[in-house]
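Q: Okay, handing you the structure first.
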Amino acid sequence: MKTVNHWIGGKTVEGASGNWGPVTDPATGAVTTQVALASAEEVDSAVAAAKAAYATWGTSSLAQRTGILFRYRALLDARREDIAALITAEHGKVHSDALGEVARGLEIVELACGITTQLKGELSTQVSHRVDVSSIRQPLGVVAGITPFNFPAMVPMWMFPLAVACGNTFVLKPSEKDPSAANLLAELAAEAGLPDGVLNVVHGDKVAVDALLAHPDVAAVSFVGSTPIARYIHTTAAANGKRVQALGGAKNHMLVLPDADLDAAADAAVSAAYGSAGERCMAISAVVAVGAIGDELVAKIRERAEKIKIGPGNDPASEMGPLITKAHRDKVAGYVTGAAAQGAEVVLDGTGHTVEGFEEGHWIGLSLLDKVSIDSDAYRDEIFGPVLVVLRTETYEEGVDLINASPFGNGTAIFTRDGGAARRFQLEVEAGMVGVNVPIPVPVGYHSFGGWKDSLFGDHHIYGNDGVHFYTRGKVVTTRWPDPSEAPAGVDLGFPRNH
């Protein structure tokens, strides 16, 4: 059986806690790997390695950092197929989704390669007589990232490339459900020339997380995951004096107005709801149909959903893979089986789906629930699976009110041909990311990603300008120098004396 160990101080370090976690191939249900689960002492070792490396990395030149990152970007590009294969083997998503994940992570590496412009300071001269004021940004020290199972390569790359480009050192605690991609990312960074200890990977469960949150040498924590854990991370880390960005869960709505291109809206709903088996925080999980278009829109979504090919992620014919674990598969299925009792019309029920030859895999088909009540579990909870709920409203205003009443505010979208309606929506809707005829409005790398309300805890979004600000702190320097003509008697600098 394959074993995944820690990466500390530029080398593989065998797990010493005696605790191991199973890693399953979601397509077969078989345990293929064991991953070391770190003790608090092992976390301390990783933080110590990062702290030691910061002594020199924190004062390294921007040219040195960006030179390494350019080499790193080239290595990631050359090995993207290998990274994607690890993602598919442990997460289960189809190969094209895994490749897309690597590509989105590479966007942030590319942003980090250009960090020189992001770290430029400001200077104001002669604010008073011979007084200048400058603003600079400096790294924090040792920072940590705690990342989820659904994007085992992309989300870590949303964090550590920017953090190390800014001069910090990093301790990554990836999900123990699919840990191998994180180790490969660290190994490639070392191959690119990143000094030992600048990037460390410790695997583990709550023990490792709590050790990072309490560690006095960790200055900041980045997190992506569910809302309850994001709230816990934020509260605990902040209580320990750390800077925190904790991105939580979502219930992303897509508002479809009567004038929308319904074929385009149906295509978007299917790809956004069921892509990556719905295991993404930016999935569209609720469609709000306005007016009389509901029946036609649901019919078009059903027609497309029934054609989706479900199978192992490494099969080129597959368009959707299995869910990450059997327990998660059963939880998702429970929302579908209980929907009718709570008033929904079950248009598609994917709970009985199996794949021939892979009967032990964590399979579930696509489910579509219509006329869902806002009080139902399928609407209120983040399901994190291939379940799309449809709600009906009579007017645009009712639709926006429904969306804004949700405790989540991660992403949202509107489908319409009317520019005025779209403009109103982007100003009135309470969400951090808005798409106009774009179902998954994930910002490009040089803008920042983050939600509102219970979808984000902390003041900074992730990557982009917010990411740079999160991983640095500002300093303002006020300077006054006497004129050289005022040098003390006996010191001649070659300047004429003032009389």
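The values are calculated or read from the model by the stated rules, or taken from the named source; none is laboratory data. Fair warning: this is a prediction, and the values are worked out from it, not measured in the lab. Cβ: placed from backbone, ideal geometry, glycine included. Neighbour counts: every protein chain shown. Surface accessibility is based on the protein's heavy atoms, side chains included, excluding ligands, DNA and RNA. Shrake-Rupley method; radii C 1.70, N 1.55, O 1.52, S 1.80 Å.
Q: How far is the Cα center of region 416-438 from the Cα center of region 297-333, in Å?
A: 29 Å
Q: Counting only Cα, what are the radius of gyration and maximum Cα-Cα distance Dmax of region 327-420, in Å?
A: According to the Cα coordinates of region 327-420, Rg and Dmax are 15.5, 52 Å.
Q: Under unit Cβ charges (Lys, Arg +1; Asp, Glu -1), what dipole magnitude, rounded to 20 debye, does the chain have relative to its Cα centre?
A: So the magnitude is around 1520 debye.
Q: Run the quick spin-label model on LYS326 and ASP210: label points 7 Å from Cα toward the beta carbon, then report their separation in nm to one decimal.
A: Modelled inter-label distance: 2.8 nm.
Q: Share of region 1-108's accessible area from carbon and sulfur, percent, 1.4 Å? Working shown, then result.
A: Working: 2580 of 4590 Å².
The C+S portion of the solvent-accessible surface of region 1-108 is 56 percent.
Q: Still on this structure, please answer the following. Report, by chain and number, residues whose modeled amide H sits under 5 Å from the one on ARG473, excluding near sequence neighbours (fewer than 5 apart, same chain).
A: Amide H to amide H, under 5 Å and 5 or more residues apart or across chains, ARG473 pairs with GLN138.
Q: Amide H to amide H under 5 Å from HIS353: which residues, 5+ apart in sequence or cross-chain, H placed 1.01 Å off N in plane?
A: Residues meeting the criterion, in which the H sits 1.01 Å from N, are GLY365.
Q: Of all DSSP beta bridges in the chain, what percent run antiparallel (nearest 5)? Mind showing how you got there, number by number?
A: On the way: 30 of 73 bridges.
If we restrict to bridges inside the chain, about 40 percent are antiparallel.
Q: Report in % the part of the accessible area of region 202-361 that belongs to carbon and sulfur, leaving out ligands and nucleic acids; probe 1.4 Å.
A: Details: 3260 of 6140 Å².
Ligands and nucleic acids excluded, carbon and sulfur give 53 percent.
Q: Further, regarding this structure: So, R0 is 60 Å and r is the distance between the beta-carbons of GLU306 and VAL476; what FRET efficiency does that work out to, to 0.05?
A: Details: r = 61 Å, r/R0 = 1.02.
Plugging the Cβ-Cβ distance into 1/(1 + (r/R0)^6) gives 0.50.
Q: What would the Debye equation give as log₁₀ I(q)/I(0) for the chain at q = 0.05, 0.11 Å⁻¹, counting only Cα atoms as equal point scatterers?
A: Each listed q corresponds, in turn, to -0.22, -0.92.
Q: Whole-Hz ³J(HN,Hα) for each residue in region 73-80, computed from phi via Karplus 6.51 cos²θ - 1.76 cosθ + 1.60 with θ = phi - 60°, x for glycine and proline: what do you get?
A: 4, 5, 5, 4, 4, 5, 10, 4
Q: Compute the whole-percent fraction of alpha carbon pairs in region 185-249 spaced more than 16 Å apart. Don't jump to the answer; show the numbers that get you there.
A: Numbers: 1092 of 2080 pairs.
Beyond 16 Å sits 52 percent of the P(r) for region 185-249.
Q: Can you pull the one-decimal nm distance between simple spin-label points at ALA340 and LYS2, each 7 Å off the Cα toward Cβ?
A: Calculated label separation equals 4.1 nm.
Q: Would you work out the relative contact order for region 1-75, in percent, from Cα pairs under 8 angstrom that are 6 or more residues apart? Display every interim value, and only then the final one.
A: On the way: 74 pairs, mean separation 20.0, N = 75.
Reported as a whole number, the value is 27 percent.
Q: Need one word for region 205-323: rounded, prolate or oblate. Basis is the Cα gyration tensor (sqrt eigenvalues a ≥ b ≥ c); a/c below 1.5 gives rounded, then a/b vs b/c decides.
A: Working: a/c = 4.50, a/b = 2.00, b/c = 2.25.
Oblate.
Q: Using the Kirkwood radius over Cα pairs, work out the Stokes-Einstein diffusion coefficient for region 66-150 at 4 °C and 1.567 mPa s, in µm²/s as a whole number. It would help to have the intermediate numbers written out before the result.
A: Details: Rh = 16.2 Å.
It comes out at roughly 80 µm²/s.
Q: Then there's this: Ignoring ligands, DNA and RNA, what accessible area per residue does the chain give at 1.4 Å, in Å²? Write out the running numbers ahead of the final one.
A: On the way: 20190 Å² over 499 residues.
So the chain comes to 40 Å² accessible per residue, rounded to a whole number.
Q: Test of understanding: what is the full-extension gain from ASP295 to GLU486, defined as 0.36 nm times their sequence separation minus their Cα-Cα distance?
A: 60.3 nm
Q: Restricting things to alpha carbons, tell me how big region 109-215 is in terms of Rg and Dmax, in Å.
A: Considering region 109-215 through its Cα atoms, Rg and Dmax are 17.6, 62 Å.
Q: Amide H neighbours of PHE170 under 5 Å, at least 5 residues apart or on other chains, H built in the peptide plane: list them.
A: Sorted by chain and number, the residues that satisfy this are VAL143, LEU199, ASN200.
Q: Here's something else I'd like to know. Taking 0.36 nm per intervening residue step and subtracting the Cα-Cα distance, what contour gain separates THR117 from ASP401 on full extension?
A: 98.1 nm
Q: Another question, then. From the alpha carbon gyration tensor of region 382-499, can you work out the equivalent ellipsoid semi-axes (sqrt of 5 times each eigenvalue) and give them in Å, largest to smallest?
A: 57, 17, 12
Q: Please say if region 1-127 is rounded, prolate or oblate, where rounded means a/c under 1.5 for a ≥ b ≥ c the square roots of the C-alpha gyration tensor eigenvalues, and otherwise the choice is prolate for a/b larger than b/c and oblate otherwise? Walk me through the numbers before you get to the answer.
A: Details: a/c = 2.99, a/b = 1.49, b/c = 2.00.
Oblate, since a/c reaches 1.5 and b/c is not below a/b.
Q: I need the phi-derived Karplus couplings for region 53-69: 6.51 cos²θ - 1.76 cosθ + 1.60, θ = phi - 60°, integer Hz, Gly and Pro marked x.
A: Values per residue, Gly and Pro as x: 5, 5, 4, 9, 5, x, 10, 5, 6, 4, 5, 5, 4, 5, x, 5, 5 Hz.
Q: If Rh is defined by the Kirkwood formula over all Cα pairs and Rg also comes from Cα, what ratio Rg/Rh do you get for region 431-499?
A: Working: Rg = 25.7 Å, Rh = 16.9 Å.
Here Rg/Rh amounts to 1.52.
Q: Does anything in region 203-232 have its amide N under 17 Å from the 7 Å Cα→Cβ label point of ALA40, and if so which residues?
A: Once the point is set 7 Å along Cα→Cβ of ALA40, 204-218 turn out to lie under 17 Å by backbone N, inside region 203-232.
Q: With an 8 Å Cα cut-off and a minimum separation of 6 or more residues, compute the relative contact order for the chain in percent. Don't skip to the answer; put the middle values down first.
A: On the way: 1186 pairs, mean separation 89.0, N = 499.
Over the chain, the number comes to 18 percent.
Q: Working with all protein chains in place, sort GLU398, GLU101, GLU176 by solvent-accessible area computed with a 1.4 Å probe, largest first.
A: Values: GLU398 90, GLU101 5, GLU176 55 Å².
I get GLU398, GLU176, GLU101, largest accessible area first.
Q: Where Lys and Arg each count +1 and Asp and Glu each count -1, what net charge lies around LYS453 among other residues with Cβ under 12 Å from its Cβ?
A: Working: positive: ARG231, LYS251; negative: GLU430, ASP454.
Neighbour charge sum, excluding LYS453 itself: 0.
Q: To continue, here is another question. Let me cross-check ASP483: its accessible surface, 1.4 Å probe, with only protein heavy atoms counted, in Å² to the nearest 10?
A: Number for this one is 50 Å².
Q: Please report the relative contact order for region 316-458, taking Cα pairs under 8 Å with a sequence separation of at least 6, and give it as a percent rounded to a whole number.
A: So the answer I get is 17 percent.
Q: If you place +1 on the Cβ of every Lys and Arg, -1 on the Cβ of every Asp and Glu, and leave all else neutral, what size is the dipole of region 323-477 about its Cα centre, to the nearest 20 Debye? Show your work: numbers first, answer last.
A: On the way: 12 positive and 21 negative charges, 134 e Å.
Around 640 debye, computed over region 323-477.
Q: Tell me, what HN-Hα J-couplings in whole Hz come from the Karplus equation 6.51 cos²θ - 1.76 cosθ + 1.60 at θ = phi - 60° for each residue of region 405-412, using x for Gly and Pro?
A: Result, rounded to whole Hz: 6, 5, x, 8, x, 7, x, 7.
Q: Residue separation times 0.36 nm, minus the C-alpha to C-alpha distance between SER373 and GLU110: what's the value?
A: 90.3 nm
Q: A further question follows. According to the square roots a ≥ b ≥ c of the eigenvalues of the Cα gyration tensor, what is the shape class of region 155-224, taking rounded for a/c under 1.5, prolate for a/b larger than b/c otherwise, and oblate for the remainder? Mind showing how you got there, number by number?
A: On the way: a/c = 1.80, a/b = 1.21, b/c = 1.49.
In terms of gyration-tensor shape, oblate.
Q: Roughly how many nanometres apart are two label points built 7 Å out from the Cα toward the Cβ at GLN426 and SER134?
A: Result for the modelled spin labels: 3.8 nm.
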